[in-house]
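Quick notes on the structure that follows.
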Amino acid sequence: MYIQSVNNNIQPAYIPAQMPNLKRNYIIVDNNKVDVFVKQGENALPYISDVLQHSNNETQITETLYILDKMIDGGIKNVDKMYPVLSRFNNTKSPNIQTFLAGIYRKIQVPDAFGPLVKMLVQNSLNPNPAPFFDPNEEIGGAILSYISPEFRK
């Protein structure tokens, strides 16, 4: 399926992201969309940053964090410089956003992210937000371990 943009360029229509549900504990994203961003490399970071700065839509934020995570896996540099944008979500209650944010922090190892990770874990322990599909504390705890123990770093 394709859509026609305003400037008459034919562009692929991406399948909207699907959040976890009772039958699946993971997000489904359009791999073609992910590949477009990964192939653009660092050139895509301003767009990613803009989405993360302005969106209040949990699905869009989660999908964008997923894309950013795959960009890191693809070897894209300078994602650590996006910490000021990512830190907007340090107080989120969303288990989906928490999971991807912790995974990104685990990979970029920005020192400023350690405190927010610990705070997130403590807050989740004191005020459990039941995530019926998965436990974000597993990723948060793993990220904390990667900060404090060299054997857990990847």
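Provide the per residue accessible area, probe 1.4 Å, for the range 63-119, rounded to a whole number of square angstrom.
For the range 63-119, the per-residue accessible area is 40 Å².
Before rounding to the nearest 500, sum -39500 (n - 2.57) across all DSSP H runs of length at least 4 in the chain and divide by the residue total; then give [θ] at 222 nm in deg cm²/dmol.
That calculation yields -16000 deg cm²/dmol at 222 nm.
Residue-wise, which Karplus ³J(HN,Hα) couplings in Hz belong to the range 105-110, taking 6.51 cos²θ - 1.76 cosθ + 1.60, θ = phi - 60°, and x for glycine or proline?
Running phi through 6.51 cos²θ - 1.76 cosθ + 1.60 with θ = phi - 60° gives 4, 4, 7, 8, 6, 6 Hz.
Given the chain, what whole percent of its Cα pairs are spread farther than 28 Å?
21 percent
Please grab the % of Cα pairs in the range 61-125 that end up more than 13 Å from each other.
Result for the distance tail: 59 percent.
Zone of Gln123 (label point 7 Å along Cα→Cβ, backbone N under 14 Å): which residues in the range 73-107?
87-99, 101-102
Once the Cβ-Cβ distance between Leu22 and Asp135 is put in as r, and R0 is 22 Å, what FRET efficiency do you end up with, to the nearest 0.05?
That pair, Leu22 with Asp135, gives E of 0.90.
Taking all protein chains as present, what is the carbon and sulfur share of the accessible area of the chain, in % to the nearest whole number, probe 1.4 Å?
53 percent
Just to verify a number: FRET efficiency for Ala13 and Asp112, C-beta to C-beta distance, R0 = 35 Å, to 0.05?
After rounding to 0.05, the efficiency reads 0.35.
Take every Cα-Cα pair in the range 42-86 and report what % of them are more than 13 Å apart.
50 percent
Using label points projected 7 Å from each Cα along Cα→Cβ, tell me how many nm separate Glu58 and Ile148, to one decimal.
The answer from the label model is 2.9 nm.
The values are calculated or read from the model by the stated rules, or taken from the named source; none is laboratory data. What you are looking at is a predicted structure, and each value in this text was computed from that prediction instead of being measured. So basically every Cβ, Gly included, is an ideal-geometry build from the backbone, and we count neighbours across all protein chains shown. The accessibility values were calculated without ligands, DNA or RNA, using every heavy atom of the protein model including side chains. Shrake-Rupley method; radii C 1.70, N 1.55, O 1.52, S 1.80 Å.
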